[in-house]
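Visitor: Handing you this structure, nothing more for now.
What follows is calculated from the coordinates using simple rules that are stated; it is not laboratory data. Every value quoted in this text rests on a predicted model; they were computed, and no experiment measured them. Positions of Cβ are generated from backbone atoms using ideal geometry, with glycine treated the same way; all protein chains shown enter the neighbour counts.
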Amino acid sequence: MKQKPIQKKLVSALPETSVQFIKDLNIPKDAAIIDVGGGDSYLADVLLQEGYKDITVLDISAKALQNARKRLGKKANRIKWVESDVLNFHPVKKYDCWHDRAVFHFVTDKKDITAYKKQIAGSVKDEGKLIVGTFSEKGPEKCSGLPVHRYSQQQLTNALSKNFKKIKCIEEIHQTPFNTSQSFTFCSFQKKAV
């Protein structure tokens with residue numbers, strides 16, 4: 001089967017790709033959205049500005065969460081903040097949209113990959129949406145000194161196909177603050193109804 005041409009674009013520090021995926025999926029403003037590995041990214045800021053009301057940010061780093069809360073000031077009280085390793089996270093509700101930019105590729109052990117996929121499937125509502133951004137097969141083999149698992153569009157689609165149906169995939173080039181380029185695969189999915 002022939003894949004569609006790769007869409008490439010240079011991205012800025014703002015989470016333009018993530019925001020565009022959320023807009024393209026027509027995620028309602030009252031939808032429960034979780035940003036996994038969101039740390040001190042600006043996605044929560046943009047979502048608040050766009051009028052989203054039920055935002056959760058999960059990150060393993062207390063410092064990253066603290067930085068985001070400080071940056072947002074009083075607006076930070078409108079977000080649920082969760083400090084946890086995603087594999088140890090036990091959500092109290094299901095989400096309409098699970099957003100993961102750059103967490104899944106750090107999950108490299110087969111057992112942990114299986115656990116993470118099960119975590120996502122169990123945490124997203126039926127017909128809910130999933131957005132995942134990982135290093136592409138052209139991306140680095142390590143990040144911050146840690147090994148990563150790289151995914152092509154087809155590999156990412158296959159990895160999540162048990163519970164999710166692909167909506168769209170793109171490849172993009174991310175410019176780092178250190179003026180280097182990293183290739184990412186970004187895909188959106190819809191959870192299959194049980």
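Visitor: Under 8 Å for C-alpha pairs, at least 6 residues apart: give me the relative contact order for the chain, rounded to a whole percent.
Guide: Contact order relative to length: 21 percent.
Visitor: How much mean residue ellipticity at 222 nm does the chain get from its helices, if each DSSP H run of length 4 or more adds -39500 (n - 2.57) and you divide by all residues, to the nearest 500 deg cm²/dmol?
Guide: -7500 deg cm²/dmol
Visitor: Lys70 to Ser144: FRET efficiency via 1/(1 + (r/R0)^6), r the Cβ-Cβ distance, R0 25 Å, to the nearest 0.05?
Guide: Result of the calculation: an efficiency of 0.65.
Visitor: Quick one: which of Lys23/Lys166; Lys80/Lys168; Lys129/Lys168 span more than 19 angstrom between C-alpha atoms?
Guide: The pairs that break the limit, which is 19 Å between Cα atoms, are Lys80/Lys168.
Visitor: With charges set only on the Cβ (+1 for Lys and Arg, -1 for Asp and Glu), what does the dipole of the chain come to about its Cα centre, in debye to the nearest 20?
Guide: 340 debye
Visitor: To make sure I understand the rule: partners must be aspartates and glutamates, Cα under 19 Å from the Cα of Lys75, and not fewer than 8 residues away in the same chain. Which ones qualify?
Guide: Leaving aside aspartates and glutamates fewer than 8 places away in the same chain, those within reach of Lys75 are Asp30, Asp35, Asp40, Asp45, Glu50, Asp54, Asp59, Glu83.
Visitor: Follow-up. How long are the three semi-axes of the equivalent ellipsoid of segment 10-191, in whole Å, if each is the root of 5 times an eigenvalue of the C-alpha gyration tensor, listed from largest down?
Guide: The answer is 22, 20, 17 Å, longest axis first.
Visitor: Cα to Cα, under 21 Å, and not fewer than 8 places away if on the same chain: which lysines meet these conditions relative to Lys111?
Guide: Result set, ordered by chain and number: Lys142, Lys162.
Visitor: Using label points projected 7 Å from each Cα along Cα→Cβ, tell me how many nm separate Lys111 and Val19, to one decimal.
Guide: Between Lys111 and Val19, the label points sit 4.2 nm apart.
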